[in-house]
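Encoded as structure tokens, the structure appears first; notes follow it.
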Amino acid sequence: MAGGARDGILIRPITKARQKDFEALMSAKGVTASEGNRRDIATVIRAGKPVGLLAYRNGEPVGFASVGPRVAYPRVDMSKTSPPVDDLAVWAVPCLYVHRGHRGAGVTTALLGAAVEYARKQGAPAVEGYPRSDEAPRVSAESAFFGTEAMYRRAGYRKVRGVRKDLPRGWAPRVTMRATCEPSKKTSSPSRTRSRAAS
């Protein structure tokens, strides 16, 4: 699972063996993740569950994409800005981060592309992201942790739903971008109904 070799970008799943690399990236200056969020992610990593992907550039961890079943992210799954499009048991990319010194080098595109392959190997039928609409006012890079529509489009995702018209004033104008992936024959992604019943 790799990004563009010409850019020196390598994408790898976050595992226990790579936990220190993830923590080093999240401890970098400018990262706004709370200590509680970091502890929660560390717990998931230790449990061996899907957390997401790390991007390395010239051997250094420089980016992160959270990737997993949409139903595993309650705030995403119950979001009024991006409710489910259909009953497909999609995986989601709820957040992205690239170190400011490596932005504009193709790291985000590599992460989003690798997310599709990663999810496919776990049996997911598709991957979705819920980025800010291209028509929305620009925000700082630190505030755009859910990405932009253009980022997803460059990585091959297509828009399956535009901004909801009934959003309260001031809510983030998000679109739903989706990339399909061939389900693995070894495993299958749980249905929305079964996952919700178990939670």
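What to note about this one:
- Pair list, Cβ < 6 Å and 6+ apart or interchain, from segment 112-134 residues that are over 23 Å from Thr81 (Cβ atoms) to residues that are of a type in the set (Gly, Ala, Ser): Gly113/Ala155; Lys121/Ser184; Gly123/Ser184; Gly123/Ser188; Gly123/Ser189
- Hey, Gly36 open to solvent by 20 Å² or more (accessible area, probe 1.4 Å), part of a loop (DSSP other than H, G, I, E, B) and modelled with pLDDT under 90 or not: no
- Test: Ala141 is open to solvent by less than 50 Å² (accessible area, probe 1.4 Å) and either modelled with pLDDT of 85 or more or over 14 Å from the mean Cα position of the chain (by Cα) (or both): no
- Search result, residues across segment 70-116 that are under 22 Å from Asp166 (Cβ atoms), of a type in the set (Lys, Arg) and surrounded by fewer than 17 Cβ atoms within 10 Å (Cβ to Cβ): Arg75, Lys80
- Which listed residue, of Ala110, Ala89, Ala65, is among the small types (Gly, Ala, Ser) and closer than 14 Å to Thr180 by Cα: Ala89
- Segment 41-62, residues that are under 14 Å from the mean Cα position of the chain (by Cα) and either at pLDDT 95 or above or in a helix (DSSP H, G or I) (or both): Ile41, Leu53, Leu54, Ala55
The values are calculated or read from the model by the stated rules, or taken from the named source; none is laboratory data. Predicted, not measured: the structure shown is a model, and the values here were computed from it. All Cβ positions, glycine included, derive from the backbone under ideal geometry; neighbour counts span all protein chains shown. We work out accessible area using only protein heavy atoms, side chains counted, and drop any ligands, DNA or RNA first. Shrake-Rupley method; radii C 1.70, N 1.55, O 1.52, S 1.80 Å.
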